[in-house]
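Have a look at the structure below, then the notes.
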Amino acid sequence: MSSIPLVAVHGYPLDRRLWDPLAARARNGALGGITSLFAPDLRGRGNSARPAVALHAMSLLADDVAEEIGTALPKDAPFLLAGLSMGGYVCFELLKRHGARFRGRLRGLALFDTKATSDDDAGRAKRKEAIEAIRKDGIGAALAAMLPKLLAPGAGGNAAEDVARRMILSTPPATAMADLAGLAVRDEGFEVLAAWDRPLLVAVGEEDAITPPSDAEAMTAVATRAPWVKLLTVPGAGHLVPLEQPDEAAAGLIALAEAAGRFTSPTPR
Ligand code: MLT
């Protein structure tokens, strides 16, 4: 494939800046066939024109992204889709709800530091506690809970940590609480992955404390219809591979774009 845009969806409680190192590479011609990167801010933060609502269901966020693809990308243009963590859960919903409409255009999927399981009761209880902590103490509670888990040990004070801190602190508390409420009730993604029949990149930081490599392995294991699957385990990275190790993330995406070029003809459903 000579030239293809990448649509990239950020995680919680982050924003589009997560993808800046990759967007810069795309602009400079250093991301292989990926010549542009469209990374929207999810509702309630950054440049999004959409307000936060009480609960950010993954389906709602997926509908938002689908609509933005319609306006941001040239009509009928093929594209690749990527999501990190919550962004990955949004990708699952996007494929479920809009996959048929984008079928002729969506050529490959990249999942970074995410998982296909849903929350169990203990996980939902933790989300509730996190919501209450933000209600009481503001976004500083999210910073205290998340920052130590986001990056590989030893990242203290580095540039990736600084960007992560800035993203969290600029997330409005109501947005973070709505994200958490939506995360608690999300569906599994395994069925979507089992039906996915295009190239798939699954990338994970070797030291990801939130969605460890075993989650990445579980996702690749079910993707038996995909014609090309790459599991990329990245040393020296935690939960934010695109920020912590952008060269490794870029190499994975370049390989995905190449594979997308080899598997372009739509298979009938
Ligand atoms: C994220 O990074 O988007 C969240 O940590 C995902 C989650 O908590 O499940």
For the stretch 122-247: rounded, prolate or oblate by the Cα gyration tensor [a/c cutoff 1.5]: oblate
Would you calculate the separation in nanometres between label points at ALA54 and SER3, each defined as 7 Å from the Cα along the Cα-to-beta-carbon direction? 4.8
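On full extension of the chain, what length is gained from GLU258 through ALA77, given 0.36 nm per residue of separation minus the C-alpha to C-alpha distance?
Working: separation 181, 0.36 × 181 = 65.16 nm, distance 1.67 nm.
Gain on stretching GLU258 to ALA77: 63.5 nm.
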Using +1 at the C-beta of Lys and Arg and -1 at the C-beta of Asp and Glu, which of GLY99, ASN158, ALA144 has the Cα lying farthest in the positive direction of the dipole of the stretch 68-206? GLY99
Answer in debye to the nearest 20: the dipole magnitude of the chain about its Cα centre, from +1 Lys/Arg and -1 Asp/Glu charges placed on Cβ, is 800
Positive end of the charge dipole of the stretch 24-72 (Lys, Arg +1 and Asp, Glu -1 on Cβ, about the Cα centre): tell me which of LEU60, GLY70, GLY29 has its Cα farthest that way. GLY29
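Going by average Cβ density within 10 Å per residue, which order do the peptides 155-161, 5-11, 211-217, 254-260 take, highest to lowest?
Details: 155-161: 14.9, 5-11: 25.7, 211-217: 17.7, 254-260: 21.1.
Result, highest mean Cβ count within 10 Å first: 5-11, 254-260, 211-217, 155-161.
Calculate the dipole size of the stretch 122-269 relative to its Cα centre from +1 charges on Lys and Arg beta carbons and -1 charges on Asp and Glu beta carbons; express the result in debye to the nearest 20. List each step's numbers first, then the result.
Working: 15 positive and 19 negative charges, 103 e Å.
Result for the stretch 122-269 is approximately 500 debye, rounded to the nearest 20.
For the peptides 196-206, 30-40, 122-132, what is the packing order when you average, over each peptide's residues, the other Cβ atoms within 10 Å and list the highest mean first?
Details: 196-206: 23.9, 30-40: 20.0, 122-132: 14.5.
In descending order of packing, they fall as 196-206, 30-40, 122-132.
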ASP137 versus GLU206: modelled label distance in nm, points set 7 Å from Cα along the beta carbon direction: 3.3
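What is the extension gain from ASN158 to SER214, computed as 0.36 nm multiplied by their sequence separation minus the C-alpha to C-alpha distance, in nm to one decimal?
Values: separation 56, 0.36 × 56 = 20.16 nm, distance 2.67 nm.
My answer for the length gained is 17.5 nm.
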Taking the Cα centroid of the stretch 116-151 and of the stretch 203-235, what is the distance between the two, rounded to the nearest whole Å? 23
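Calculate, in nm to one decimal, what ALA125 and ASP63 gain on full extension: separation in residues at 0.36 nm each, minus their alpha carbon distance. Don't skip to the end; give the middle numbers.
On the way: separation 62, 0.36 × 62 = 22.32 nm, distance 2.68 nm.
Contour length minus the Cα-Cα distance gives 19.6 nm.
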In the structure displayed, which of LYS96/LYS149; LYS115/LYS149; LYS126/LYS149 lie more than 19 Å apart, Cα to Cα? LYS96/LYS149
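Can you tell me the relative contact order of the chain? Whole percent, Cα pairs under 8 Å, sequence separation 6 or more.
Details: 561 pairs, mean separation 66.1, N = 269.
The value is 25 percent.
Using the crude model of +1 on Lys and Arg Cβ and -1 on Asp and Glu Cβ, and no other charge, please compute the dipole size for the stretch 15-93 relative to its Cα centre, in debye to 20.
The calculation lands at about 280 debye.
Any read-out appearing in this document is the output of simple, stated calculations on the displayed coordinates, not a laboratory observation. Keep in mind the model is a prediction, meaning the values are calculated, not measured. Don't worry about glycine lacking a Cβ; one is built from the backbone with ideal geometry, like all the others, and counts go over all protein chains shown.
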